[in-house]
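**Student:** Provided herewith is a single structure, encoded as structure tokens, for subsequent inquiry.
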Amino acid sequence: MSEGMKVQPDLEFIKYLKNAGGDTLKKCYQCATCSVVCPLSGDDKPFPRKEMIWSQWGLKEKLVADPDVMLCHQCGDCTTNCPRGAKPGDVLGAIRAYAYTHYGFPQGLAKLCSQGKNLPIMILIPTLIIGIVWWLSGGMKLPDGDINFGYFFGDAYYVLPVTTLLIQLIFVPTLLFAIYAFYRGISNMWKGMAAQLPATERNFRPSVTQFISEFIWPSVKEIMTHKRFNECGTNRNRVTGHMPLVFAFIALLAVTAYAMIRKDVFGLFIEGLHVPLTFADPFKILANVAGIALIVGVGILWVNRSRTERENNTTPTFYDWYPIGIVMAVGVTGMAAQIFRLGDVAVMAYLLYFMHLVSVFMLFLYTPYTKLAHMFYRTFAMAFEKYRASGYVQKQD
């Protein structure tokens with residue numbers, strides 16, 4: 001074997017894959033059944049056969065920069081049809097889990113989110129931040145009168161718009177930080193994927209407008225319609241869980257933006273606007289429908305995940321269950337807080353509202369490092385796939 005063909009396995013990476021759900025990795029004997037049944041596989045890219053052998057060899061750098069790994073929807077067809085029980089879908093899931101940590105910025109936060117044993121710390125961070133704001137704002141007792149979450153942070157609200165400050169000084173910067181973390185991680189992934197192209201095919205640099213219109217927007221549309229999910233066999237029913245979640249998040253984002261502008265911007269100057277939305281308000285109706293869709297969608301995923309693990313004798317992982325748990329926490333605490341507010345049970349209403357804030361904070365802060373990150377990494381991997389196949393790179397001589 002020539003010097004350039006030597007394989008230098010990363011044994012720690014192999015160990016990680018085995019501990020993160022890919023414990024069946026060594027059962028693969030390259031029969032290519034997985035590539036035959038996978039709708040993503042083609043004659044020029046025997047997916048996921050090549051990823052399985054790269055994993056056995058510990059070729060970490062090739063795998064974390066392999067767009068096909070991110071394109072995998074873990075439909076389960078490869079695992080179902082594998083004659084050796086190697087479970088390629090679980091191995092690919094473990095690779096993605098590693099990639100989110102590998103590309104994560106900052107690394108300390110990415111590593112914190114990579115292990116279930118760190119969940120208490122992950123909960124403690126937002127709990128302390130929001131709790132300190134509540135304490136400093138004078139929230140040492142429950143507000144008097146009708147339950148109004150806008151006054152949750154104490155009587156100091158009448159002097160200082162604490163709720164507005166909470167959104168502006170905690171949640172907005174946290175969201176912007178998460179966006180920046182995604183930018184750093186996805187940029188590094190893109191560079192890694194581009195580095196694997198032949199040297200003559202790396203010169204094309206699309207304009208921003210061209211990149212969005214020809215590569216990003218088509219990828220977003222494909223993901224929104226779950227086109228590739230419909231090509232799945234074993235786990236095709238996951239569409240029934242994913243679709244409500246997608247549209248619930250979009251609707252809740254719209255409602256949150258509307259409520260913030262109405263209550264915490266105009267509400268500071270116009271009397272009567274800084275109050276809970278009435279049930280007749282179209283945005284309130286949209287919020288309740290979206291909240292129910294969120295709980296129903298994640299509930300379906302919960303049932304499907306449990307059944308899949310039971311049928312395939314798969315070990316539950318923090319990577320798979322954290323996103324289900326945090327989305328369920330956001331939905332249930334939000335709806336429950338509203339129910340107790342309507343029932344005029346102040347203690348439970350404000351307690352659940354506090355838990356809802358913690359859950360939303362966790363959703364914002366930790367998404368770039370958990371399985372939820374696949375929404376963005378997969379979008380850009382799909383855009384890279386379109387870029388790679390566009391013909392532009394082949395024009396460069």
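The values are calculated or read from the model by the stated rules, or taken from the named source; none is laboratory data. Given the structure is predicted, the values throughout are model-derived calculations rather than measurements. With ligands, DNA and RNA removed, areas are computed over all heavy atoms of the protein, side chains included. Shrake-Rupley method; radii C 1.70, N 1.55, O 1.52, S 1.80 Å.
**Student:** Given K45/K111; K15/K50; K87/K111, which pairs have Cα atoms separated by over 29 Å? Intermediate results must be reported in sequence, preceding the final value.
**Tutor:** Working: K45/K111 32 Å; K15/K50 19 Å; K87/K111 25 Å.
Listed pairs above 29 Å: K45/K111.
**Student:** Using Cα centres only, tell me the gap between segment 72-91 and segment 172-199 in whole Å.
**Tutor:** Centre-to-centre (Cα) distance: 28 Å.
**Student:** What are the equivalent ellipsoid semi-axes of segment 11-103, built from the alpha-carbon gyration tensor (square roots of five times its eigenvalues), in whole angstrom, biggest first?
**Tutor:** Numbers: eigenvalues 69, 42, 26 Å².
So the three semi-axes of segment 11-103 are 19, 14, 11 Å.
**Student:** How much length, in nm to one decimal, is gained on full extension between M375 and T225, taken as 0.36 nm per residue of separation minus their Cα-Cα distance?
**Tutor:** Going from the current span to full extension adds 52.7 nm.
**Student:** On a 1.4 Å probe surface of the protein chains, which of R205, R49 comes out largest in accessible area, and what is the full order?
**Tutor:** Solvent-accessible surface, decreasing: R205, R49.
**Student:** Further, regarding this structure: Counting alpha carbon pairs within less than 8 Å and at least 6 residues apart, what relative contact order, in whole percent, applies to segment 10-123? Numbers along the way, then the final one.
**Tutor:** Working: 139 pairs, mean separation 33.7, N = 114.
Here the relative contact order equals 30 percent.
**Student:** Pull up the cross-link candidates among the lysines for K191, meaning alpha carbon to alpha carbon under 18 Å and not fewer than 8 places away within one chain.
**Tutor:** Partners found: K60, K62, K386.
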